Amino acid sequence: MELATRYVSEGADELVFYDITASPDGRSVDRRWINRVAEVLDIPFSVAGGIRSIADAEEVLNYGADKISINTPALATPGLIDQLAKRFGTQCVVIGIDSRAENDTYHVYQNTGDPDKTSHSGRTTIDWVREVQERGAGEIVLNCMNQDGVRDGYDVAQLKLVRDNCTLPLIASGGAGSMQHFAEVFKQANVDGGLAASVFHSATINIGDLKKYLHEQSIEVRI
Amino acid sequence: MEAPTVAIIDSGGANIASLEFALARLGITGQLTVDPDTITAASHVILPGVGAAADSMTRLKKAGLTDLIPGLSQPFLGICLGLQLLFTASEEDDTQCLGVFPGTARKFMPTPERAVPHMGWNRITRTRNSDLLHGIPDGSHFYFVHSYAVEVTDDTLAFAEYGNPFTAIVERANFSAAQFHPERSGEFGALLLKNFLHR
C-alpha cells in the first residue's frame with residue numbers, strides 16, 4: 001500500500017499487482033486488500049495471479065480492480081478468455097505471456113511464479129498472441145523471460161515481432177534497468193506501455209524523472 | 001450548498017466500485033440503482049458503463065429507464081459506454097441508444113500505429129468553455145479505454161485524437177458525458193467529477 005501511494009505520487013500511469021505465487025500453489029487468495037487499494041488509487045490498476053474462473057474475476061472486479069490479468073489459467077483453459085471478454089468486456093481482460101527464445105523461435109512458459117514448477121506450455125509465442133487476440137483479449141503484457149530481472153534492457157527484437165503480429169495494446173515487461181531502456185523500447189518496438197518492478201521498487205528509477213526524460217526524448221507521456 | 005444526492009444507474013458494468021470510491025474521496029456516497037423514482041428524485045445522475053452497448057440498453061429497457069433518462073432535468077453525467085448510450089445509436093451490435101445527442105458510436109479500426117482498444121492516457125482539447133472544465137487546462141491527460149467512439153459533433157465540449165479527432169466530452173443543457181474514466185484519471189478526473197457535483 002505504501003509502495004502504491006508512492007508510485008501514484010511519482011506519476012505512475014497504471015499499477016499492476018502481481019500475486020505470482022498464486023498459480024503454482026493452486027491456492028485461492030484473500031482478496032480483500034484490493035478494496036483498500038481501490039479506495040485510495042485514482043489511476044487504473046490491474047490484478048494478476050490465480051484468477052481461474054468467471055467467479056474469481058468477478059470478485060476481483062467487484063473489489064474495485066479495473067482489469068484482470070491472466071496467464072497460466074488461460075493456457076490451461078483458453079476458452080476462459082472468451083468467457084471473460086463476453087462477461088466483462090474486452091477492455092478488462094489482460095493476458096500475461098511469459099516468453100523466451102529457444103531454437104530461434106519464441107515459446108510460451110507457464111507457472112513461472114515458481115522456478116521449480118515452470119514448464120513449457122507447448123505453444124509458440126506468436127501463435128498464442130494471435131489466439132488470445134482472436135478470443136477477445138484487450139491487452140497483452142509480454143514478459144520476456146531471458147531479460148527478466150537482469151536489468152539489461154527490454155527484449156526489443158521480440159517485442160517488435162509481437163507488435164507486428166497483433167493489433168492489441170502491447171505492454172513491454174522484463175529487463176528495464178535504465179531510463180534509456182524505456183526510451184529504446186517505446187521508439188524501436190512501438191509498444192503502448194513499459195512495465196517494470198525492481199527498478200521502481202528499489203527507487204533506482206524515479207517515475208517522475210523517467211517521464212521527464214521520456215518527454216525530452218519526444219515520447220508522448222503524461223506529466 | 002446542500003449535499004448532492006447522487007444516483008448511479010446500474011447498467012450492469014463491472015467497474016462500479018472505482019466510481020463509488022472516486023465519489024467517496026469527494027465525500028459523496030452514490031446510490032447504485034435502477035429504480036425510476038430514486039433516479040428522478042436524485043440531485044445528480046451518473047450513467048457509468050463498461051461492457052457491450054446492446055446488453056446495457058436491454059438492461060435499461062427492462063428497468064423502464066429508456067424513456068425516463070432523456071426526460072430528466074437534473075445534472076446528468078455519462079461515463080465511457082455511458083457516453084455512447086446517450087447518442088442515437090452504436091455500431092456495436094447495431095444498437096439503438098437513448099438519443100439525447102445526435103450521432104453514432106463507431107468502431108476504431110486498428111492500424112500499425114494504433115492498437116485497438118484505445119487504452120491509456122490521452123490529451124483533451126476544449127471546443128468552448130464550460131463550468132465542467134473549470135480548472136482543467138487544455139492538453140490535460142485523461143484515462144481512456146474504448147473500442148468505439150463518436151466523431152466530433154455540435155455538442156462536443158472537448159475532443160481527443162486517436163487517428164482522427166473524436167468526442168471526449170459532450171454536453172448540452174443538463175446532459176454531459178465523458179468518453180474517458182474521470183474516476184481513474186488522477187487529479188483532473190477528480191476535478192471534473194467535483195465540477196459536475198457543483199452543478
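Among what's in segment A:167-180 and is surrounded by 21 or more Cβ atoms within 10 Å (Cβ to Cβ) and either out of contact with any Asp or Glu (no Cβ under 8 Å at 6 or more places or on another chain) or hydrophobic (A, V, I, L, M, F, W, C) (or both), pick the residue that is farthest from A:E139 (Cα to Cα).
Filtering segment A:167-180 for residues surrounded by 21 or more Cβ atoms within 10 Å (Cβ to Cβ) gives A:168-176.
With either out of contact with any Asp or Glu (no Cβ under 8 Å at 6 or more places or on another chain) or hydrophobic (A, V, I, L, M, F, W, C) (or both) added as a condition, the list becomes A:168, A:170-172, A:176.
On the way: A:L168: 6, A:L170: 6, A:I171: 8, A:A172: 11, A:A176: 20 Å.
Taking the candidates together, the pick is A:A176.
Is there a residue in segment A:120-130 that is aromatic (F, W, Y), touching a helix residue (DSSP H, G or I) at 6+ places or on another chain (Cβ under 7 Å), touching a residue at least 24 places away in the same chain (Cβ under 8 Å) and surrounded by 14 or more Cβ atoms within 10 Å (Cβ to Cβ)?
No: zero hits.
Please determine whether any residue of segment A:99-116 is crowded, with 22+ Cβ neighbours inside 10 Å, under 19 Å from the mean Cα position of the chain (by Cα) and among the charged types (D, E, K, R).
Within segment A:99-116, none of the residues are crowded, with 22+ Cβ neighbours inside 10 Å, under 19 Å from the mean Cα position of the chain (by Cα) and among the charged types (D, E, K, R).
For segment B:1-22, give me each residue that is in contact with a His (Cβ under 9 Å, 6 or more places away or on another chain), hydrophobic (A, V, I, L, M, F, W, C) and more than 14 Å from chain A (Cβ to nearest Cβ).
B:M1, B:V6, B:A7 - these are the residues of segment B:1-22 that are in contact with a His (Cβ under 9 Å, 6 or more places away or on another chain), hydrophobic (A, V, I, L, M, F, W, C) and more than 14 Å from chain A (Cβ to nearest Cβ).
Do you know which of the residues in segment B:115-129 that are within 8 Å of chain A (Cβ to nearest Cβ) and outside any strand (DSSP E or B) is farthest from A:A189 (Cα to Cα)?
Once the filter is applied, the top-ranked residue is B:P117.
Given (1) part of a helix (DSSP H, G or I); (2) in contact with a Phe, Trp or Tyr (Cβ under 7 Å, 6 or more places away or on another chain); (3) modelled with pLDDT under 90, identify the lone condition not met by A:R87.
(2)
Could you list, in sequence order, all residues of segment B:109-131 that are under 18 Å from B:T153 (Cβ atoms) and in contact with a His (Cβ under 9 Å, 6 or more places away or on another chain)?
Residue satisfying the conditions is B:I124 alone.
Among the numbered criteria (1) within 13 Å of another protein chain (Cβ to nearest Cβ); (2) surrounded by 24 or more Cβ atoms within 10 Å (Cβ to Cβ); (3) touching a helix residue (DSSP H, G or I) at 6+ places or on another chain (Cβ under 6 Å), which single criterion is violated by B:H146?
Every condition holds for B:H146 apart from (3).
Checking A:A12 against (1) touching a helix residue (DSSP H, G or I) at 6+ places or on another chain (Cβ under 7 Å); (2) at the interface with chain B (Cβ under 9 Å from one of its Cβ atoms); (3) modelled with pLDDT of 90 or more: exactly one of these is not met. Which one?
Unmet condition: (2).
Show the residue pairs meeting these rules: Cβ distance below 8 Å; 6+ apart or different chains; first residue within segment B:117-133 and farther than 16 Å from B:F188 by Cβ; second residue small (G, A, S).
Pairs found: B:P117/A:G138; B:P117/B:S147; B:H118/B:S147; B:H118/B:A149; B:M119/A:G138; B:T127/B:A158.
Looking only at segment B:23-52, which residues are closer than 13 Å to B:I79 by Cα and within 11 Å of chain A (Cβ to nearest Cβ)? Explain how you work it out, then say what you get.
Taking segment B:23-52 first, the residues closer than 13 Å to B:I79 by Cα are B:45-51.
Scanning segment B:23-52 gives B:G49, B:V50, B:G51.
Name the strands (runs of 3 or more DSSP E) wholly inside segment B:1-66 in which the number of residues that are under 21 Å from B:G189 (Cα atoms) and small (G, A, S) is 1 or more.
It comes to B:6-9, B:30-33.
For segment A:43-64, name all the residues that are at the interface with chain B (Cβ under 8 Å from one of its Cβ atoms) and closer than 11 Å to A:L15 by Cβ.
Correct list: A:I43, A:P44.
Among B:M119, B:M109, which is the only one that is modelled with pLDDT under 95 and over 17 Å from the mean Cα position of the chain (by Cα)?
One residue alone meets the criteria, B:M109.
Residues being closer than 12 Å to B:D155 by Cβ and in a strand (DSSP E or B): count how many of those fall in segment B:92-108.
Total satisfying the criteria: 3.
When segment B:134-180 is examined, which residues are found to be more than 21 Å from B:P48 (Cβ to Cβ), polar (S, T, N, Q) and outside any loop (DSSP other than H, G, I, E, B)?
Once the filter is applied, which keeps residues that are more than 21 Å from B:P48 (Cβ to Cβ), polar (S, T, N, Q) and outside any loop (DSSP other than H, G, I, E, B), segment B:134-180 yields only B:N164.
The values are calculated or read from the model by the stated rules, or taken from the named source; none is laboratory data. Since we're looking at a predicted model, the values are computed, not measured. Cβ atoms come from the backbone with ideal geometry, glycine included; neighbour counts cover every protein chain shown.
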